[in-house]
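Working notes, structure below.
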Amino acid sequence: MASEAGSYANAGEYISHHLTNLTYGKLEAGATMCDGSTLETTQWVLGACSAEFNQMGFWAFHVDSMIWSVLLGAIFLFTFWRVGMKATQGVPKGMQNFVETIVEFIDSQVRDTFHGKNPWIAPIALTVFVWVFLSNLMDIIPVDLIPYTLELLGVKYQKIVPSTDPNITLGTAVFVFFLMIYYSFKVKGFGFIKELSFTPFNHWIFVPFNLFLELVGLIAKPFSLGLRLFGNLYAAEMIFILIALMFGAGIFFAVFGGVLQMAWAIFHIMVIPLQAFIFMVLTIVYLSQAHEDH
Amino acid sequence: MVFQQARPKPVPRPSAWRLVTCQAVTALILGLAVAVVIPDVWFEVMLAGALCVVAQSYFTWRSLRHFGSRYTALFVVATSQGLFGKWIILAAGLIPVWVTQPDLNATTMLLVVVVLNTLSAMLAPILVK
């Protein structure tokens, strides 16, 4: 599709463009700008090309991922709030029926998995599930539709699937990790340190070994949340992009590409809720472990 | 009687430690072979091999820790932790070595990690019983 428009030199440029975030970051004095000029003073700028993004270093913000994340979160909150305000007793219909189904599903998952007492766990699980689900759902939108439309409006880079950005997935995972640490100390106090130090071998001589085993397990938790979601969605998006390349290779490949897109989208419909479900279940289990005091 | 009462039998815990032993023996053989053929990278092979064995041991222990638990989610989570923990151990072991010891051959170490982990993945269906 994009190749037909002639806006990309080759397939590599097309893929690279679709995998580049709109980035806001700090450019140091002396940095080379897109037009070849040199920056005289250090500035925070919205990057205009990948050469500028690459010079921004660690303190760079993926503006597109952040905007889409907030937008999807707002859609979730507004929809559920509106349904909640208009909820009626009796047999639910339409949107209320849909929202009640999701709430009941999450509630039953929390009841089955979480064994402590905390009224916040179900709302956290609901938020995580719906937000990750909506983020993943953005992958179903044709890869060129929104980025190309925005490009016509002057926005050169746009990645619309927040869960294909490791900053977003690991950020969410770190949020869950902080909750875990908070509840571990709240429920167990310094018993949490004792748990780390004396499990699995309950003798002081094994404290360093126990700490090694338990700390690796503790650090693995946010990685298992964030990297799994990122990996699955990034790979899926990559496949969508690769199939989209076929649209620029003649009518035969375009039709074949359309069939492949459809097939992959249908398969992806299963992956989207599954990944959201796994993220939610792991969150509940991790928070449940944080509440277990032996 | 149509229905007979049956007591659920516990599923036997799989024996996965043979995999670690196999990996350790392979690392040792690889180290000895390299010591003879390319002695310059002998230390890298042994170091990466030892790290692989530690990481695989962690994975085996962690993933089987909740085996047979009433809450299946615990087993799933433990396996996931084991998997990521294994790679965290490898990354946390290799990266500081590469940064602080630029003289060591990073490619060789990476190759050993890939070979030993691929070997254990291939042998797992045979050795884990």
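Tabulated data
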| quantity | calculated |
| --- | --- |
| Pick from the range A:200-215, criterion of a type outside the set (A, V, I, L, M, F, W, C) and over 19 Å from B:Gly85 (Cα atoms), ranking: farthest from the other protein chains (Cβ to nearest Cβ) | A:His203 |
| Selected residue [part of a helix (DSSP H, G or I), within 14 Å of chain B (Cβ to nearest Cβ) and either at pLDDT below 90 or over 25 Å from B:Arg65 (Cα atoms) (or both)] from A:Leu134, A:Leu170 | A:Leu170 |
| Odd one out for B:Leu64 among (1) open to solvent by 30 Å² or more (accessible area, probe 1.4 Å); (2) touching a Pro at 6+ places or on another chain (Cβ under 9 Å); (3) within 13 Å of chain A (Cβ to nearest Cβ) | (1) |
| Wholly enclosed strands (runs of 3 or more DSSP E) of the range A:1-102 bearing at least 2 residues over 25 Å from A:Val161 (Cβ atoms) | A:23-27, A:43-46 |
| Answer from A:Phe178, A:Phe201 - the residue that is over 23 Å from A:Gly116 (Cα atoms), open to solvent by 20 Å² or more (accessible area, probe 1.4 Å) and either modelled with pLDDT of 95 or more or more than 27 Å from the chain's Cα centre (by Cα) (or both) | A:Phe201 |
| Set A:Val70, A:Val63: member being in contact with a strand residue (DSSP E or B) (Cβ under 6 Å, 6 or more places away or on another chain) and under 20 Å from A:Leu137 (Cα atoms) | A:Val63 |
| Every residue from the range A:72-114 that is surrounded by 15 or more Cβ atoms within 10 Å (Cβ to Cβ) and touching an Asp or Glu at 6+ places or on another chain (Cβ under 9 Å) | A:Val83, A:Pro92 |
| Test: residue in the range A:216-236 that is within 11 Å of chain B (Cβ to nearest Cβ), in contact (Cβ under 8 Å) with a residue 60 or more places away in the chain, basic (Lys, Arg) and closer than 21 Å to A:Leu170 by Cβ | yes |
| Meets criteria (of a type in the set (S, T, N, Q) and more than 30 Å from A:Gly30 (Cα to Cα)) for A:Asn118 | yes |
| The range A:237-259 - residue that is in contact with a helix residue (DSSP H, G or I) (Cβ under 7 Å, 6 or more places away or on another chain) and either within 14 Å of another protein chain (Cβ to nearest Cβ) or open to solvent by 60 Å² or more (accessible area, probe 1.4 Å) (or both) and, of those, modelled with the lowest pLDDT | A:Phe253 |
| Within the range A:35-55, considering residues that are out of contact with any Ser or Thr (no Cβ under 6 Å at 6 or more places or on another chain) and under 24 Å from A:Val143 (Cβ atoms), the one modelled with the highest pLDDT | A:Leu46 |
| Residue in the range B:96-106 that is within 12 Å of chain A (Cβ to nearest Cβ), touching a helix residue (DSSP H, G or I) at 6+ places or on another chain (Cβ under 8 Å) and surrounded by fewer than 21 Cβ atoms within 10 Å (Cβ to Cβ) present | no |
| A:Lys117 vs. criteria surrounded by fewer than 16 Cβ atoms within 10 Å (Cβ to Cβ), closer than 24 Å to A:Met180 by Cβ and either in contact (Cβ under 8 Å) with a residue 60 or more places away in the chain or out of contact with any helix residue (DSSP H, G or I) (no Cβ under 7 Å at 6 or more places or on another chain) (or both) | yes |
| Residue pairs meeting the criteria (Cβ under 9 Å; at least 6 apart or on separate chains; first without any contact (Cβ under 8 Å) to a residue 12 or more places away in the chain, in the range B:51-79; second acidic (Asp, Glu)) | B:Tyr71/A:Asp112; B:Ala73/A:Asp112 |
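Each row is one residue, and each column tells you yes or no for (1) of a type outside the set (Lys, Arg); (2) within 30 Å of A:Leu196 (Cα to Cα).
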{"residue": "A:Phe209", "(1), (2)": "yes, yes"}
{"residue": "A:Lys221", "(1), (2)": "no, yes"}
{"residue": "A:Ala236", "(1), (2)": "yes, no"}
{"residue": "A:Gly248", "(1), (2)": "yes, no"}
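The values are calculated or read from the model by the stated rules, or taken from the named source; none is laboratory data. Just so you know, these numbers come straight off a predicted model, no measurement behind them. Ideal geometry is used to build each Cβ from the backbone, glycine not excepted, and the neighbour counts take in all protein chains shown. Heads up: the accessible areas ignore ligands, DNA and RNA and are worked out on the full protein's heavy atoms, side chains in. Shrake-Rupley method; radii C 1.70, N 1.55, O 1.52, S 1.80 Å.
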